[in-house]
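All remarks here apply to the structure that follows.
The values are calculated or read from the model by the stated rules, or taken from the named source; none is laboratory data. This structure is a prediction, so every number in the text was calculated from the model and none was measured. No Cβ is skipped: glycine too gets one built from the backbone with ideal geometry, and neighbour counts run over all protein chains shown. Quick note on the areas: whole protein, heavy atoms, side chains included, nothing else; ligands and nucleic acids left out. Shrake-Rupley method; radii C 1.70, N 1.55, O 1.52, S 1.80 Å.
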Amino acid sequence: MAQPVNVTIASLNKTISVPTGLFINNEFVLSIDSKELIEAVNPATEEVICSVVAASPKDIDIAVSAARNAFKTTWGKNVTGFERSRLINKLADLIESNAQELAELEALNNGKPVRIARDFDIGDSVQCLRYYAGWADKIIGQPGGPHFLSANDRAWKVAPALAVGCTIVMKPSEITPLTALKLSELVKEAGFPPGVINTVPSYGSVGGAALTAHPDVDKVAFTGSTVTGRKVMEAAAKTANWAALGICYNSGQDCTAGSRVYVQDDIYDRFIELLVSKVKAQVIGSGLDDASGGGPVVSKGQYDRVWSYIESGKQEGAKAILGGVKRTGKGFFVDPTIFTEIRPDMKIVKEEIFGPVLSVGHFKTEEEAIALANDTTYGLGAGLHSTDANQCMRVASALEAGTVWVNQYNILNNNVPFGGKKQSGIGRELGSYALEEYTSVKAVHWNFGEQLEWPL
């Protein structure tokens, strides 16, 4: 068995016990054939927090076998929707009661401020689990067997999969495995049968590759970004607040980060002033500091990637009116950077940066705004701000995105489907639509006595 480690958070004068093994069949175990470890790093200090076991392909086989066995014996069609609902609700209750410690661990390994992780991400996960617990006894369709989930927005995928009766093999990001392992303790405490949920930290090229190619995995669900908090800055009344939220939330490491903003010419100058003042007010610091509204980016690799885009923006002629200068000292901190004087062909405009980098352009007409907004290969989310209701209806219809926000941004609800167009994903998460991703419909034709005349 793999032993937990005690992680000390000096600034809070407390210690958290963290599992380090592979969570298979409700036990934390060592690899069957590998000594490889994954180092979890604190992005605010660049120090190693602890090391966890890295799953090998053989470990993946064992985890998938455990999930398949559970599906055939203690889960799937072998347990009622009422029981699935009870267990999902129990897990939600345990996450809620442990929210503070989970948020502190998330801040330590991910860099996200504790209050953001606790009140928004973990709070949303609890509500998501409870939402799908309500669906568990109302499912029409047959569940699939073992599902491979690789995601930071775990509840969005785990909750509907459990509700319909699927079993799960979860591979958390090798950069941030600690919270997923801590949550696995709660899975066992909630009373889920062994093998229903398995958590196997591994490198993408090893465990991820083994799972995606595994013949006994019925579905693969993958997301590479963090869940958006549903209640962030609900009181924001001005467009500049929403634009600032769009790029500052989670230091821009969000699948719906609003990295392009287009402003009508006659309000452009005033809007820029407001936007800069709003973004300047955001405190970027340690996630364990209550004053921080944003933390470091998650890893050295992501830090280098974001800075390569910032330098590209400068080289291609964009003007950095805020940020764009590296900090000294430790930590993968990237201060919010705003570029103006942009062109559609610039990398910072065309590509997904996944960091706090915002490109601001301008337009004259509604038609030009729509053309600029749709000039992208992505289509997950878009937002528009206007006091003209007719214009809001026209533009919302014309924007090529799976989610469109009107006079707000990044606010999600568990009962509303979420997903993208173009290169921004296939299928939908959340709402009743997510259940369809984890079930299949079977038609049975039964002859109750009609005789077939032959020949025809």
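Some observations on this one:
- Relative contact order (percent, whole number), region 333-456, Cα cutoff 8 Å, 6+ residue spacing: 17 percent
- These residues, MET346, MET393, go from largest to smallest accessible area, 1.4 Å probe, as MET393, MET346.
- Pairwise centroid distance, computed over Cα atoms, of region 357-401 with region 1-64, Å: 44 Å
- Within the chain, antiparallel bridges make up roughly 50 percent of the DSSP beta bridges whose residues both belong there.
- Relative contact order, percent, the chain [alpha-carbon distance under 8 Å, six or more residues apart]: 16 percent
- Cross-link table LYS14/LYS188; LYS72/LYS422; LYS182/LYS278; LYS112/LYS171; LYS157/LYS422, entries beyond 26 Å C-alpha to C-alpha: LYS72/LYS422; LYS182/LYS278
- Beta bridges from DSSP with both residues in region 230-384: antiparallel share about 25 percent, rounded to the nearest 5.
- Taken along its three principal axes, the alpha carbon spread of region 313-430 comes to 46, 35, 26 Å, from the longest extent down to the shortest.
- In units of the rule-of-thumb radius 2.2 N^0.38 Å, the chain shows an alpha carbon radius of gyration of 1.04.
- 13 Å beta-carbon shell around GLU311, net charge (K/R +1, D/E -1): +2
- Efficiency of FRET from Cβ geometry, LYS14 and GLN264, R₀ 51 Å, rounded to 0.05: 0.50
- Apportionment of accessible area to carbon and sulfur, region 300-456, percent (1.4 Å): 52 percent
- Residues whose amide H comes within less than 5 Å of that of CYS50, counting only those at least five positions distant or on another chain, are ALA40 (H built at 1.01 Å from N in the peptide plane).
- Rounded to whole numbers, the Karplus 3J(HN,Hα) couplings from phi for region 430-436 are 6, x, 5, 4, 5, 4, 5 Hz, using 6.51 cos²θ - 1.76 cosθ + 1.60 with θ = phi - 60°, and x at Gly and Pro.
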